[in-house]
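Have a look at the structure below before the remarks.
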């Protein structure tokens, strides 16, 4: 018995990831594609948006009315995080470059901090939740931006360093037992409710609360160029491969 029929438009978060023109996917991983998205837009959603959702809702335990700081707010995960945090009722402050400030404000950020001129760890404002995607400040310094019982969620690290995100996340976990704030990370890869999370995102997207931001698209034959551009760390939103 199958939930889907030939011709149904679906999307999924594949456990292994990768690039392919055709792929076989277990139906329990599939969810109906948001009706108001193109296939290219839908391809931008699963990994980045689920990471943002798990970071805020599950790891961060975000509550309506809380103040959230999102670093790396103009990137793939960041653009989703700003929108999802706003949809969950939070007041969002975003850290990004001046050139992307207008984009981030359009996604729902109430305040934008220019990362090139201002060190958010040395400001007076304190946040309930700090979602650290950029990894541009030391974790111990980032804690200064949190309330005494705030939560630090580690997601990524500087562009172009494949091992850096994992190192930062484990460093945050190691610090957790000796500081008053919660130091956690979101585990998108081992998440067992991928389909449920995609359905949640579909509801947010079809309600107009979340929209994928796509910086560039590349044809399948230009995957190496797409990866090189992504590794530069300057993409605003997602980079998508098309057929």
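The values are calculated or read from the model by the stated rules, or taken from the named source; none is laboratory data. As the structure is a computational prediction, the values presented were derived from the model and not from experiment. So basically every Cβ, Gly included, is an ideal-geometry build from the backbone, and we count neighbours across all protein chains shown.
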Item to check | Single condition residue 117 does not satisfy, out of (1) surrounded by fewer than 21 Cβ atoms within 10 Å (Cβ to Cβ); (2) within 23 Å of residue 184 (Cβ to Cβ) | outcome: (2)
Checklist outcome for this item: Of the candidates 52, 42, 48, 81, the one satisfying the condition of being part of a helix (DSSP H, G or I) and over 25 Å from residue 146 (Cβ atoms) is 42
Checklist entry - Hey, does the stretch 62-72 have a residue that's in a helix (DSSP H, G or I), in contact (Cβ under 8 Å) with a residue 60 or more places away in the chain, surrounded by 24 or more Cβ atoms within 10 Å (Cβ to Cβ) and touching a strand residue (DSSP E or B) at 6+ places or on another chain (Cβ under 9 Å)? => result no
Checklist entry - Got a sec? Which of 133, 139 is in the same structural domain as residue 85 (by TED's automatic domain parsing), crowded, with 16+ Cβ neighbours inside 10 Å, over 17 Å from the mean Cα position of the chain (by Cα) and modelled with pLDDT under 95? => result 139
Checklist outcome for this item: Only one of (1) over 20 Å from residue 207 (Cα atoms); (2) touching a residue at least 60 places away in the same chain (Cβ under 8 Å) does not apply to residue 101, and that is (2)
Checklist entry - Out of curiosity, is residue 156 at pLDDT below 85 and either crowded, with 17+ Cβ neighbours inside 10 Å or assigned to a loop (DSSP other than H, G, I, E, B) (or both)? => result yes
Checklist outcome for this item: Of (1) in a helix (DSSP H, G or I); (2) at pLDDT 95 or above; (3) touching a strand residue (DSSP E or B) at 6+ places or on another chain (Cβ under 8 Å), residue 151 satisfies every one except (1)
Item to check | Single residue of the stretch 5-34 satisfying the filter (in contact with a helix residue (DSSP H, G or I) (Cβ under 6 Å, 6 or more places away or on another chain) and in a loop (DSSP other than H, G, I, E, B)) that is nearest to residue 91 (Cα to Cα) | outcome: 34
